[in-house]
1. What distance in nm separates the simple spin-label points at A:Thr175 and A:Glu40, each placed 7 Å from Cα in the Cβ direction?
2. What shape does region A:6-51 take by its C-alpha gyration tensor, where a ≥ b ≥ c are the square roots of the eigenvalues and a/c under 1.5 counts as rounded, a/b above b/c as prolate, and the rest as oblate?
3. In whole angstrom, note down how far apart the Cα centers of region A:278-297 and region A:19-48 are.
4. Hey, can you grab everything whose amide H is under 5 Å from the amide H of A:Val135? Only 5+ residues off in sequence or another chain; H modelled, so Pro and N-termini drop out.
5. What is the set of long-range amide H partners of A:Arg354 at a cut-off below 5 Å, with H atoms built 1.01 Å from backbone N?
6. Mind giving me the nanometre distance, one decimal, between the label points for B:Ser133 and A:Ala71, set 7 Å out from Cα along Cα→Cβ?
7. In peptide B:171-177, how many Cβ atoms from other protein chains are near each Cβ within 10 Å, on average?
8. From the Cα gyration tensor of region A:202-249, with a ≥ b ≥ c the square roots of its eigenvalues, which class applies: rounded if a/c is under 1.5, or else prolate if a/b is larger than b/c, or else oblate?
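The values are calculated or read from the model by the stated rules, or taken from the named source; none is laboratory data. In this text the structure is predicted, and so the values were computed from the model without any measurement. For neighbour counting, all protein chains shown are included, and Cβ atoms are generated from backbone atoms with ideal geometry for every residue, glycine included. Note: areas computed on protein heavy atoms with side chains; ligands, DNA, RNA excluded. Shrake-Rupley method; radii C 1.70, N 1.55, O 1.52, S 1.80 Å.
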Amino acid sequence: MRHPNNGLLLAYLEDQANSRQKKNLRIHIEECEVCRARLERLKDERQQVSGALDALSPGPLDQPDRRRALAALKMTVNGRDKLTMFEKIRTNKTIQRVLSGAAAVAVLVGLFSLAPVRAFASDLLSLLRVDSFTVVDVDPERIEELAEAMEEQGEALFGEQEILDDVKAPVEVATIGEAADMVDFVVRKPLGYGEPDRVTVSDSGQVRIRPDVAMMREVLLTVGLDAELVPEEVDGEPFDITIPESVTMIYGDGNPDEYGEFSLMQMPSPTAEVPDGVDMQALGEAMLIVLGMDSDEAARMSNRIDWTSTLVVPMPIGYGSAEDVEVDGTSGLLLESEPMEEGGEPGCSLLWQRGGILYMVSGPANYSSFVKVVADSLN
Amino acid sequence: MSVGEGDPLVAISDAALLQRFMEGDEACFEALFERHYDMVYGVLFRLTGTRAEAEDLAQEVFLKLYMRPLRSAENVAGWLYRVAVNTGYNALRSGNRREQREQAAARDQERPPTPETEVSKVELQREVRGALSKIPPRAAKMLILREMGFSYRELADIVNVAPGSVGKLLARARQAFEKAYGKSTQGSLARGEEDAPSK
């Protein structure tokens, strides 16, 4: 056996090596004076560090008090009723469950912390293969009304949701090269920013949503809209949304001063399969009205949108702005957003599609020119 | 569904508890809380140094679990300790909690007067935390978690690295810590060591 590295020796010392490794290491250490000395040094080092860290352990007066902590937590949870509608929506686990599968779509939009907006954007408006974007202004008050009405409905908000292919938690990898080996598309990197601090790879996922028209109509009626806006034909029909694998690189993590904190996400365009016979234009138009647009404007807007390839980004009025920009040799969408809820962070994102791959660079607020420079530097 | 007598929650896996909680059984959330609170608090106390702040942050962590739609297949313990150690580490590094910490320390000082030995312990803790804040974030998190008895496998899951590289990363983390700590105490702890000898 060659000299084991420090990691393996340490695993041996701390009884964390597997049985085969243990056996080999025991034999090697018995025979090798050098490694015996190294093991001793590791032991010393461990003792010293452990001795120092031990000073941080809670003393007798600082032991945890579970019962008191649980009581405090319950009070906080109950007190949350006084918080905003958005918070209430978040704490409703039924709604969370319905939305969770589609949440990956919201990564595209990034800045939408508001669940109902996300739901509309991802479940109903993002269709077929995304290759362009458009922004529609939506009325924040309408969103809040809808959120309230939906919460009252409780169960099965948009109907049945079935996870066809579950997405596992993103995996952190050491290098861009490692990420590139794990995915089926060419991974690009911004030039001149060094190596990213973190690289993560997310696998693909697929969710099937079967809308419950009766439920959705009830929500519309509650907020005073025409129930017929949701067409009967979509009832129970499968809408399959596929989110492909993606790679995210984070720069300036924990050290934003160097050249700012930003992230780059790239993935093949997500797709959605819509059942035959669904009139996408009519459905899109209805959704625009639901989101607060008047019917004439919705009709005009809907005519302009190719619903089979456009990701519609709802932008609550007063909470952000959007601008078409030239980026990476194509056109993209630059979004500046204000948080709609307490504790949210303002930010900016640049979204574009090239060669079937969707890219998003995100950074803090007022970094729009910076994210554009980053985007244009991709190799 | 509710968990009644004869169905002791202690025997139920984290994943099953979470699933039942998602279905509306609050008792299952409490069982998860009972099971993991002490360790979450322990991580946070080590990183913040005050009872009040550790309690506040532990509450934040569990509140996130309460509000977050975890998938039942997800490793609940791994998620909890990841959030705890990230939250604690951010608090350690962030200056904006200093004031809170001072207030909390003042609250803690409503106890009997601190003897001299305690004062030197506080100083020691300050130095150890100072050293932790100077080494790479992942290294600091791994040291704290390992010190609390988490296995290499658990560590790999919490800090999201390959299980096979935990030993190497820990060895490096200890060296980095010794260096930073040695500098701050002007002691003789700092020592570099190369990895496996070439022959």
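1. Label-label distance for A:Thr175 and A:Glu40, simple model: 3.7 nm.
2. The shape class here is oblate.
3. 70 Å
4. A:Val313
5. A:Tyr359
6. The two pseudo-label positions are separated by 3.4 nm.
7. Average neighbour count from other chains, rounded to a whole number: 5.
8. Judged from the Cα gyration tensor, region A:202-249 comes out prolate (a/c at least 1.5, a/b above b/c).
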